[in-house]
Amino acid sequence: MGRSSSALTAAVFIAALIAPVAPGIAFAGDPSAAERESARRLMDEGRDKTRSKDLEGALVAYGKAHGIMHVPTTGIALARTHLALGHLVEARDVALEVARFPKEKGEPAVFESARAEARDIEAATKDRIPTLRIKTKGGTAARVAIDGVAVSTALLDAPVAVNPGKRVVTVANREGAERKAEVDLAERDKKSVELEVPEDAKPSGPGPSSSPGPSASASPPPPSSGGGPGRAIFIGGAVITVVGAAAGTVTGLMTLSKADAVKPLCENGKCDPQAKSDLDGGKTLGLVSTVSFAVAGAGLVVAVVGLVWPSPKQTGFVVRPLVGPGAVGVGGAF
């Protein structure tokens, strides 16, 4: 297309934007007068940047104008610029959009011209777009990207449409560990690339494949040094044992002392009346000594129960020492 033809086409597009919308026709949500004026200026800017070979700048200006107006004329300007930059995928995508704009009654004739050019761009670029098939091995790919743009993992091992040129493919596992590869593609190329995905880190602790033998870390601590009911029961039983044994010993010694005191006053099973109080006291101390030793025995039993007491997750059984007049023992409940 010559310079005069390009200038005429640009003038026609701008005229289509400047022209008021015909009654009964609404484009892009019926933009306001300010939005239409902004779109006109953006189209002028895009045309100027195209003339000065600043295609990237023109792409930005045309993209903003199309975002405002969303009509065939702004769309075809955007598609044409993508095509000039080698963006075959984007050029065809915008061209398809323009070609599918429904024809409205009373629309400017230039809209139909834009649709016709869009159909030509779409047909001409369809077979020129190269494809890249991304394959992985090793770990599981949680993220895939081409030139930093995310690609659905559903497209792994499927032909992905890409623009010609040097493309950078990135795959990453769930922990973000990446692998990259560069691939050069020309128009119509159909290439594949395979990347090895890093394996996800395995847990540091022993897994199912660990040795089944016991280990120090897996062994439960002794109940006497751990926490929970077992420790409390053990300590309580030990205290009862110590106190009972001490009381039994003391009262036992006192009983023996009383017996020695009354021994001279008794002969042939008969005792002097003066020894009665000492005899009664000795009997009482003897009983107390016996009960104390019985309590000590019960405490010992409780302490042993505390030593073998299982963890709370294993049982809800509770053991309590039972001490009463003339009876000592251990009681339990679920």
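Computed from the coordinates by the stated procedures, all read-outs in this text should not be read as laboratory data. If you're wondering where the values come from, they're calculated on a predicted model, not measured in any experiment. A quick note on method: Cβ atoms are made from the backbone with ideal geometry, for glycine too, and the neighbour counts reach across all protein chains shown.
In this simple spin-label model, placing a label point 7 Å from the Cα along the Cα-to-Cβ direction at both Thr290 and Thr131 gives a separation of 10.2 nm.
Count charges around Thr81 for me, please; just the other residues with Cβ under 10 Å from its Cβ, Lys/Arg as +1, Asp/Glu as -1. Mind showing how you got there, number by number?
Numbers: positive: Lys49, Arg80; negative: Glu56, Glu90.
That sum, taken over residues with Cβ under 10 Å, equals 0.
With neighbour counts taken as other beta-carbon atoms within 10 Å, the residues Thr74, Thr249 rank, fewest first, as Thr249, Thr74. Working from label points 7 Å from Cα in the Cα-to-Cβ sense, the Ser192 to Ala158 distance is 1.7 nm. Phi-derived couplings, Karplus 6.51 cos²θ - 1.76 cosθ + 1.60 at θ = phi - 60°, listed residue by residue for the range 108-123: x, 4, 5, 5, 5, 5, 5, 4, 5, 5, 5, 5, 5, 5, 4, 5 Hz, with x used for Gly and Pro.
With 10 angstrom as the radius, rank Leu85, Leu59 by how many other C-beta atoms surround their C-beta, starting from the fewest.
On the way: Leu85 15, Leu59 21.
With the fewest neighbours first, Leu85, Leu59 line up as Leu85, Leu59.
The simple spin-label model puts a point 7 Å past each Cα toward its Cβ; for Lys283 and Asp120 those points are separated by 13.3 nm.
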